[in-house]
């Protein structure tokens, strides 16, 4: 996919499709269908108010993006990558957006107005602030 920098610079786009929204437990069961040896653990986090409903309106309207893959395709693709050694350590920080953004954010001076936001939003605001000289 190609897009003008002026359209995507400092923007966050959810990549996917509204018809692929599902509950995390359902996704876990789908993974188990393709990887029978996987162990599913339910972790109760009472202060975690995130949900898995994602809105893809922005990428669809601004970039004319249409998702052509589904979860099963993605699960099989990751499974093949693990089996063939392409994906050697799934625990590596490079495979986790939140951990990577937290690490990158630690190299950018803190801004008081970014507290309480998600890792991606904090990172984008902090880097935009540094880039603008604010």
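The values are calculated or read from the model by the stated rules, or taken from the named source; none is laboratory data. Computed from a predicted model, the values in this text were never measured in an experiment. Neighbour counts are summed over all protein chains in view; Cβ atoms, including those assigned to glycine, are modelled from backbone coordinates with ideal geometry.
Annotations for the structure displayed:
- When residue 5 is tested against (1) surrounded by 13 or more Cβ atoms within 10 Å (Cβ to Cβ); (2) not assigned by TED's automatic domain parsing to the domain that holds residue 81, just one condition goes unmet, and that condition is (1).
- Residue ID - modelled with the lowest pLDDT, chosen from residues in the range 50-65 that are farther than 21 Å from residue 28 by Cβ and exposed (fewer than 13 other Cβ atoms within 10 Å of the Cβ): 55
Matching residues to (1) under 19 Å from the mean Cα position of the chain (by Cα); (2) within 26 Å of residue 76 (Cβ to Cβ); (3) in contact (Cβ under 8 Å) with a residue 24 or more places away in the chain; (4) not in a helix (DSSP H, G or I):
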{"site": "6", "(1), (2), (3), (4)": "no, no, no, no"}
{"site": "10", "(1), (2), (3), (4)": "yes, no, yes, yes"}
{"site": "15", "(1), (2), (3), (4)": "yes, yes, yes, yes"}
{"site": "19", "(1), (2), (3), (4)": "yes, yes, no, no"}
{"site": "22", "(1), (2), (3), (4)": "yes, yes, yes, yes"}
{"site": "29", "(1), (2), (3), (4)": "no, yes, no, no"}
{"site": "40", "(1), (2), (3), (4)": "no, yes, no, yes"}
{"site": "46", "(1), (2), (3), (4)": "no, no, no, yes"}
{"site": "59", "(1), (2), (3), (4)": "yes, yes, yes, no"}
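- Looking only at the range 62-93, residues that are over 25 Å from residue 2 (Cα atoms) and in a loop (DSSP other than H, G, I, E, B) come to 8 in all.
Residues checked against (1) under 20 Å from residue 11 (Cβ atoms); (2) at pLDDT 65 or above; (3) surrounded by 14 or more Cβ atoms within 10 Å (Cβ to Cβ); (4) within 19 Å of the chain's Cα centre (by Cα):
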| position | (1), (2), (3), (4) |
| --- | --- |
| 67 | yes, yes, yes, yes |
| 72 | no, yes, no, yes |
| 87 | no, yes, yes, yes |
| 92 | no, yes, no, yes |
| 105 | yes, yes, yes, yes |
| 113 | yes, no, no, no |
| 131 | yes, no, no, no |
